[in-house]
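Notes follow the structure.
Please treat every number below as a calculation from the coordinates, not as lab data. None of the values given here were measured: they were computed from a predicted structure. Quick reminder, even Gly has a Cβ in these numbers, built from the backbone with ideal geometry, and neighbours come from all protein chains shown.
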Amino acid sequence: MMMEQAVKRQLRRSRDNGGGRAVAVDRRICFLTVSTAVAVLTASLSAQTADSLAIRFSGMTAVTGYEQSMTDSLLALLPGSVRDRTGNVTVSLGRGAPKRLVYCNLDEIGYAAGNITDDGYITLRRVGGGARLYPLFDQQLEGQRVTLFGRRGPVPGVVAVRSTHLTRGRPTGNEAPFTVDNAYVDVGAASRDEVLSLGISLLTPVALTKRPQRYGNGLLAAPNAGRRAACAALASAALARPRVRGTVVVAFTVQSLYADTAGLKTVVNLQGPFTDARMVTLPSKFPDTPVETVSLPDVAALMADVVKWIGGSQ
Amino acid sequence: MILALAAILAIQDTSRVSEAQSVLSQLVESYGVSGSEAPVREVVKRLLPGWVKTETDTAGNLWVRTGQGEGPVVIVAHMDEIGFRVDTINADGTLGLRNRGGFILSLFEARPALIHTDRADIPGIFLPRDSGLTRRTPPPLRVSVGATTRAGAESLGVKVGQTITMPKQYVRLAGTLATGRSFDDRMGCAALILALRTLDRSKLRHPVVFLFSTREEIGLEGAGAAARQLGTATRRVHAIDTFVSADSPLELQNFAVAKLGAGAVARALDNSSITPPAYVDSLAGIARARGIALQIGTTNGGNDGSTFVPYGVVDVPLGWPLRYSHSPVEIVDLKDLVSLADLVRAVAEDW
């Protein structure tokens, strides 16, 4: 609005002054002012896009190796994007040399259905993690909502926990953390057949149900918020129609947490060689917990930085 | 898609199950940590039938009186839920907490938090432990609202004494099962409401008090106040509360055995009261006469009715089977709620 008023003021002055040269100067000022206004508006909209995408992406699930539903969303979001056989989503901007790569890792450590018991509970195996795993990672499942991404769509479930009342008067000595071996997923079914009828089978991906929480001054808490916010910044940068130096391949890579970063290597082998590559990351607090926290202004700043990088600035 | 599944399940429901779900879901999605039950009390009032006149006593209990004569039967369900209270606002802007009720602390660690105020809730997070401590139980929990100073937290509206929970949602599972937090004891409140909606007042042979009580989780305090008021005049009391069930892959099966979906449960022996066997038999007879599914069992926990026992009143607590008590993912079967509502109505009209 302030920009609009400035433009109107300039036009008014030009009418008041009369005279061709003054008008020409004022038209240039007017053009510059409108351009600035458009740039400011675009930056503001892009920041909004980055914010809303960070929240949206943080609500998505992409268990490593089973990222398809999130990559479906990315394909719908990004014009001209394609998915390779490994599952990476890429979009190529610009043309000619140099050819550079900018990417984010979109996958997460999660679980897959490992077995279904006769009485309708689902047991799990973890996908991803290994030696780097936060020692209490599995414990974060206990007594919480999970979503099972079955063949007939997402199915709500919970991870069983002992009833507080029934622990009373009984020794509780076991202070070892809860592990995935203790996890029984309850979808309300009473038999294996009932579980199968819901579209759940062995290998169905399972993850904590996500409800991103905004709090404080521009903070966002969610599982894997750092990774998802980084991907949001990258997607917003690609959507902002940035100026491009040479060719830039924008990639949202899968399986970064498994099989020796198979996703990134696939992108490099299929679309490289690249003269330069940048992994887009965002610092977060409380990593590997369900309340991993990022600052939304940081997401917008990261997006602006990625736009610059795509344009050739360091 | 989850909504689609819920829609399919809803189509399959009987009208009784649908009504039960409609009442229960509204109760479950309101917040009322012990001592701060006002939001739940308002939802209860809204769901009661039009003929009901309510009174709220100084303990916060909501009373519904019906029937004529002396010596009321009291049917009581509690409105409160477990949670936390803001005990301190620390210099670094984090909030120190005091538990309200008993539960497994780790289930709240590193989760979204809501600080409940008279106006809008303030969002925050239960902080993850900040040490390398890898045993199961965390140190005392703290909450962050994103502030880094005491003044910053206060400027967001945080005050000592406010209550804290985590966000909750009623969610349907397969069949007629549902999950959420605070089914204990919103199921009891729902059973009273559903019973009142169908109650035939002309059949009542004595007064009946339907009592929605406060502060059960921190020592049966609301019911205790009502018991002091009614005293020895009370004819009989029925606490309508959770039957914590061992119907779970993690529990021992040596007691608390009551299957979800198999109907209401006579909570004949718990940590606070013992129902005289003759009364259990009478209850079973009433259920049989009306064709109401009833299980009989023993479980852990105390119940509001036990506060009447010192006045010479017999406590015949009734419940429904609950999995994963006092956790964010309690599970119930809506069929059991229908059965329990029928039983509440039956003991009011026939006994």
Assuming 0.36 nm per residue, please report the length gained on full extension of the stretch B:S18 to B:E154 beyond their Cα-Cα distance. 44.7 nm
Note down the nm distance, to one decimal, between modelled labels 7 Å out along Cα→Cβ at A:R56 and at A:D181. 4.3 nm
Out of A:T247, B:V40, A:L124, whose Cα points farthest toward the positive end of the dipole of the protein assembly as shown (charges: +1 Lys, Arg; -1 Asp, Glu; placed on Cβ)? A:T247
Rounded to 5, the percent of DSSP beta bridges in chain B classed as antiparallel: 65 percent
Starting from the Kirkwood Rh over alpha-carbon pairs, what translational D in µm² s⁻¹ does the protein assembly as shown have by Stokes-Einstein at 25 °C and 0.890 mPa s? 89 µm²/s
Could you tell me the center-to-center distance, by alpha carbons, between the stretch B:222-277 and the stretch A:138-209 in angstrom? 27 Å
Label-to-label distance, nm, for residues given as A:T261 and B:E42 (7 Å Cα→Cβ offset): 5.4 nm
Tell me which lysines have Cα within less than 26 Å of B:K203's Cα, excluding those fewer than 8 residues away on the same chain? B:K45, B:K53, B:K335
Which value, in debye to the nearest 20, gives the size of the charge dipole of the stretch A:110-208 about its Cα centre, when Lys and Arg are +1 and Asp and Glu are -1 at the Cβ? 220 debye
Note: B:314-324 gets an average of partner chain Cβ contacts (10 Å, Cβ to Cβ) equal to 2
Summarise the partner chain shielding of B:246-254 as one whole number: the mean count of Cβ atoms from other chains within 10 Å of each residue's Cβ. 4
DSSP-assigned coil residues among GluC sites (Glu not before Pro) in the stretch A:123-204, each with at most 14 further Cβ atoms within 10 Å: A:E175
Please list, or write none, the lysines whose alpha carbon is within less than 20 Å of the alpha carbon of B:K168, excluding same-chain residues fewer than 8 places away. A:K210
Backbone HN-Hα couplings from phi across the stretch B:138-152 [Karplus 6.51/-1.76/1.60, Hz, Gly and Pro as x]: x, x, x, 7, 10, 10, 10, 9, x, 8, 10, 9, 4, 5, x
Of all trypsin sites (Lys or Arg not before Pro) in the stretch A:72-149, which ones are in loop regions per DSSP and have a Cβ with at most 13 other Cβ atoms within 10 Å? A:R85, A:R95
